[in-house]
Amino acid sequence: MRLKDVVVGSVMAGAGIVYLRLAAALPERDGVDAGTVPTILAFMMIALGLIELVGALRRPAATEAEVRAAASGLVTVGLTLLLIAGFIAALRPLGFPIATAIYLFLQFLVLTPKSATRSVPLYAGLAIASSVLIFATFRYAFDLLLPAGPLVAWLN
């Protein structure tokens, strides 16, 4: 497990360095300009990568239980990536509100620990309410249109 953390820390710091070089190539102006925020983010990426790297090098080797827990975490990450891919595929035909509600509901199920009880009605209600709130905020408060899918007939 320590090797994985060393790799993650190194990659993060390296990506921060590359991002910093790209940010330095942006045109400069007096004061705050287009490169200010990317430069700050690059330094933060480098710092976080170095913190992870130092922490990994100071940590003792993983026990068997920690290795099993990490494998379980990898399954959760894999399922999350599959859900994100499914959300992206469903976004156009189903529209944002429906695709988001389905994605959130399934993601709640994936992220609920096995030892906890799963409250399906609560998850469904939270997913639907969140989806409607986000869609309404973007559509009516920000005046940005998200794909409505089959709901387009009721929203016009």
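The values are calculated or read from the model by the stated rules, or taken from the named source; none is laboratory data. The shown structure was predicted, so the numbers you read here are calculated from the model rather than taken from an experiment. Positions of Cβ are backbone-derived with ideal geometry, glycine not excepted, and every protein chain shown enters the neighbour counts. Just so you know, the surface numbers come from the protein's heavy atoms only, side chains and all, with ligands and any DNA or RNA stripped out. Shrake-Rupley method; radii C 1.70, N 1.55, O 1.52, S 1.80 Å.
Given their separation in residues at 0.36 nm each and the Cα-Cα distance between them, LEU22 and LEU151 gain 42.3 nm when the chain is fully extended.
With N as its number of residues, the chain has a Cα radius of gyration that, divided by 2.2 N^0.38 Å, comes to 1.41. Projecting label points 7 angstrom from Cα along Cα→Cβ for ARG29 and ARG92 puts them 3.6 nm apart.
Remark on ALA148: its backbone amide H falls under 5 Å from those of PHE96, a criterion applied only to residues 5 or more positions apart or on other chains, H modelled at 1.01 Å from N. Of all the accessible heavy-atom surface of the chain, with the other protein chains kept in place and a 1.4 Å probe, what percent is carbon and sulfur? Solvent-exposed carbon and sulfur of the chain make up 74 percent of the total. Under the simplified labelling scheme, the ALA116-SER130 pair shows an inter-label distance of 1.1 nm, with each label point 7 Å from Cα along Cα→Cβ.
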